[in-house]
Amino acid sequence: MLAHFRGRRVICALFVTLLFSVFLLTSTYKEDLRESVDRWHNSWSDPQSTSQLRSPFDIFQSNGSSIHPHPIDTLLNRSIGSWQSLLAKRSYTQTQAASAYRARRGRHPPPHFDKWVQYAQAHGCVIVEDFFDQIYRDIEPFWGVPAEDIRRSASSSSKKISIRNGTASQSTDEWHFIRHYFDMFKTIEKYLPDVDIPINVMDESRIIVPWEEVGKLLGSSHTTQDMFITPLVHQYSTIEGDPQTPDDETAWSALVPYWDAVRVGCPPNSPGRQALSDTNFSSPPEFSSTWPEGSHLGYVSNWTSARDPCIHAHLRYLHGSFVEPISISTTTKMLPMFGGSKLPMSNDILLPAALYWHDEERFALQSRRISWNSKRNEVLWRGTASGGRNRAENWTRFQRHRLVSILNGTQIRMALRQQDELDTGLLNGTEKLPVIFPLPDQDLYPLQSSALGLLPEWIQVVSNVAFTWLACFPGTKSFGCSYTGQYYRKGFKMPFDRMFYAKYLPDVDGNSFSGRFRAFLQSNSVPIKATIYSEWHDDRLMPWMHFLPMDNTFVDLWAILEYLFSHDELASWIGSMGREAAETLLRKEDMLAYVYRLILEYARVSDDRRELMGWVEAQDSK
């Protein structure tokens, strides 16, 4: 009798499971804002799609119009020429390197420059003086700060790495950034002069000095540039005793909105400086009806200006860093603070990011490289809905939500339908879907897919994009989120290396820079990059040749994708160029050479005798 009862329970359980499975299966085919995206283990086709497309390439086989020449062709050819001109400046000898330094910097190289050249050559580093421009953008204002003040600020930091007599030490090991940087500095400690190196353990930029004050400091630095004076001091000062006990008295500010803290770093007449904070997020964001400012027919022309919020003031309400960052702690005082990324108007000093050095599994290429022909014709992105504190009232302004939405065929379809209803008055102004991305405009970006009326279907079959965690604020213990869960379906987590089976890899900011970029370059796939952050390697990568830049609104993304899919061989070449750059210019040896050179300059500007310090050939040992 007991056995019979247990058997009936098992049958009932199986029947309930079967009904639940049928429900899930049938619901999969309904139109859903949260679009099924986990197709990386299947063929490219999506069972949800009712599209006429049999292949992602069908839209290019029609008689629809196309652009010849395409604006990207012009930008690509321009980049190739610029890159060739840059590499032609390469120095192969110590004399050439010193001459290039003097020509570009207007002063003698720092002491031990000859040893730096020997180190760089011994480790196979490409020496192009332009590759180190970021060091001088970071250090130059400190020539206007008394050396004693620089040393005092650095030694008072509670989170720092110190060099004494060729040995590195850390003030604390409680922060993973400091642990990783300590390992980096230990690798080259014997080459470095005595210094204290404060480390930014936060994601956000910390030092934001008013533009006018930076101008005064730079004006002071120019008085030191006199190569007609032979350097009298060729060695760095030593710092007696162990690193001091921290006594940081800096007044750190948590000014909210954060935009009000950072815009003081913009030029007075710039759009960003004049734009007030935008704190009303009750309506969808506004997007321009023209091409992005400074673009070439709609495509990023100047990578530096394209990611500068001082020029593109609308980013104050389109990027989580300005809407509501995770943490805020800034100062307007010019003091040394080292970190892996910074905003363009910030005065932090850049190091190669700790994430790049540490080779964390979630940010590093671990397995063999996948050949182009073995990759899937797919646009792939996975990640959390980070970028700051996304709340019910502000989430529509975050860059990662915008990326996932603009690459979701169902959301595009519903947004277009909703716009038609608004235009015809059928919707009566009632908004059903918060449209957080710019709608297609054939006058700005003529798309083959739009001309055929197939943009949503095309994106649906080429895109594999999803959140793995919605990262609500206040937080939840699960993926779910009361205010965004209806729009985004959870994507299965996948090993980081699995991403490299896709040909096209969008890369956008999280809470600060994206730590994936170096691995994306190494992968032989094509990174499609948008950011507002500066990194150490910006001067040694060429947009349109090593990666494809996109505007931070992503208004150009669909057109970029159509270009890539219709130029497969060229896309393969761009992927290989990015890999080559990563393998020759972004190695750990290159990071160390950069840091070595940076610390020589930082130690000189921190020395009371800095006006007399320098390196010349055949110098003595004073």
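The number of residues in segment 252-284 being among the small types (G, A, S) and part of a helix (DSSP H, G or I) comes to 3.
W536 meets all of the listed conditions (1) farther than 25 Å from W291 by Cα; (2) free of Cβ contacts under 8 Å to residues at least 60 places away in the same chain; (3) among the aromatic types (F, W, Y) but one, namely (2).
Suppose the filter is in contact (Cβ under 8 Å) with a residue 24 or more places away in the chain, part of a helix (DSSP H, G or I) and either out of contact with any strand residue (DSSP E or B) (no Cβ under 8 Å at 6 or more places or on another chain) or of a type in the set (A, V, I, L, M, F, W, C) (or both); does I139 pass it?
Details: in contact (Cβ under 8 Å) with a residue 24 or more places away in the chain: yes; part of a helix (DSSP H, G or I): yes; either out of contact with any strand residue (DSSP E or B) (no Cβ under 8 Å at 6 or more places or on another chain) or of a type in the set (A, V, I, L, M, F, W, C) (or both): yes.
Yes: the conditions hold for I139.
For segment 78-116, what are the residues that are touching a strand residue (DSSP E or B) at 6+ places or on another chain (Cβ under 7 Å) and hydrophobic (A, V, I, L, M, F, W, C)? Within segment 78-116, A97, A100 qualify.
Criterion applied to F554, F500, F517 was being surrounded by 23 or more Cβ atoms within 10 Å (Cβ to Cβ), touching a Ser or Thr at 6+ places or on another chain (Cβ under 6 Å) and not basic (K, R), and the one residue passing it is F500. Looking only at segment 160-176, count every residue that is touching a residue at least 60 places away in the same chain (Cβ under 8 Å) and under 23 Å from T238 (Cβ atoms) and tell me the total. Adding up the residues that qualify gives 7. Here G81 passes the criteria (1) loosely packed, with under 13 Cβ neighbours inside 10 Å; (2) modelled with pLDDT under 90; (3) not hydrophobic (A, V, I, L, M, F, W, C) except the one numbered (2).
So that you can scan it fast, the table gives a plain yes or no per residue for (1) over 30 Å from G387 (Cα atoms); (2) surrounded by fewer than 17 Cβ atoms within 10 Å (Cβ to Cβ); (3) modelled with pLDDT of 95 or more:
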site: K216; (1), (2), (3): yes, yes, yes
site: Q225; (1), (2), (3): yes, yes, no
site: P231; (1), (2), (3): yes, no, no
site: Q235; (1), (2), (3): yes, yes, yes
site: D242; (1), (2), (3): yes, yes, no
site: G272; (1), (2), (3): no, no, yes
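Screening segment 104-135 for residues that are part of a loop (DSSP other than H, G, I, E, B) and of a type in the set (A, V, I, L, M) and picking the one that is surrounded by the most Cβ atoms within 10 Å (Cβ to Cβ) gives V128. Considering each residue of segment 291-309 in turn, at least one proves to be assigned to a helix (DSSP H, G or I) and surrounded by 23 or more Cβ atoms within 10 Å (Cβ to Cβ).
Looking only at segment 80-103, residues that are assigned to a helix (DSSP H, G or I) and either within 27 Å of the chain's Cα centre (by Cα) or of a type in the set (S, T, N, Q) (or both) come to 12 in all. Output the number of residues of segment 599-617 satisfying the condition of being of a type in the set (D, E) and surrounded by fewer than 19 Cβ atoms within 10 Å (Cβ to Cβ). Going through segment 599-617 one residue at a time, the tally reaches 3.
Do you know which residues across segment 345-362 are within 27 Å of S525 (Cβ to Cβ) and buried (at least 19 other Cβ atoms within 10 Å of the Cβ)?
L350, L351, P352, A353, A354, L355, Y356, W357
Of the residues making up segment 466-478, those that are in contact with a Phe, Trp or Tyr (Cβ under 8 Å, 6 or more places away or on another chain) and buried (at least 22 other Cβ atoms within 10 Å of the Cβ) are A466, F467, L470.
The values are calculated or read from the model by the stated rules, or taken from the named source; none is laboratory data. Since we're looking at a predicted model, the values are computed, not measured. Positions of Cβ are backbone-derived with ideal geometry, glycine not excepted, and every protein chain shown enters the neighbour counts.
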